[in-house]
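A.B. asks: Mind looking over this structure? Questions follow.
What follows is calculated from the coordinates using simple rules that are stated; it is not laboratory data. Here the structure is a predicted model, which is why all the values come from computation and not from measurement. Cβ sites come from the backbone with ideal geometry, for glycine too, and all protein chains shown count toward neighbours.
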Amino acid sequence: MIEIEKLLQELNSQLESPTPDSSGGTSSGSLSSSRPLKRIRRRDPGYNLEAQLEKLTGGVNLSVLPGMTSYNSLQLLAEIGTDMSRWLTEKHFTSWLGLSPGSHSSGKKKGKNRTKRLGTNASTILRIAARNIGRSKTALGSFYRRISTIKDAPTAITATARKLAVLIYNLLKFKKNIMSLVRKNMKTVITS
């Protein structure tokens, strides 16, 4: 206990004592107005996260997708993993995420088509990314805006998150570059 108190007193005395400044003067613990403040990023890990993600996924960089940042990609990979063999098709994957539309029917009577209300963190990450895509000038952004004019914003967010999930599934399963995947399947990705 006494050692901890001594250590705290030493640290407090270091904070209170003036330290030499780079300009030759001394500055106290307060910020000087001559240098600009550096914006503090709360979720910035301090190292090259994209290179680590490419190592983890085998060369696939998910942060090049619209709406996805390197931090979102890391969160998503923590939730779903890199092994896509758990899901047979992309439809199984989107159903597991709760992003595929369901249909309730009994006999000839059809019910409402609603998506599942799942509390998975992966679907939440994809929905946030889909909302950000809606403000971008990409093909998925135009898809979001088109659906939001026809239906409502939550439906458009879910539909765009589903498309983003399909892209992520195909990227991680087949380990292809995003540009080759987009060039080959742009019409099917946007219209399906």
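A.B. asks: Could you list, ordered by first residue, the pairs with Cβ atoms under 6 Å in which the first is in segment 124-146 and of a type in the set (D, E, K, R) and the second is surrounded by 14 or more Cβ atoms within 10 Å (Cβ to Cβ), at least 6 apart or interchain?
C.D. replies: Arg127/Ile157; Arg127/Ala161; Arg131/Ile157
A.B. asks: Do any residues in segment 53-76 that are in contact (Cβ under 8 Å) with a residue 60 or more places away in the chain and under 23 Å from Arg131 (Cβ atoms) have Cβ atoms under 7 Å from those of residues that are of a type in the set (Asp, Glu) and outside any helix (DSSP H, G or I), where the two are at least six apart or on different chains, and which pairs are they?
C.D. replies: Sorted first by the residue in segment 53-76, then by its partner, the list stays empty.
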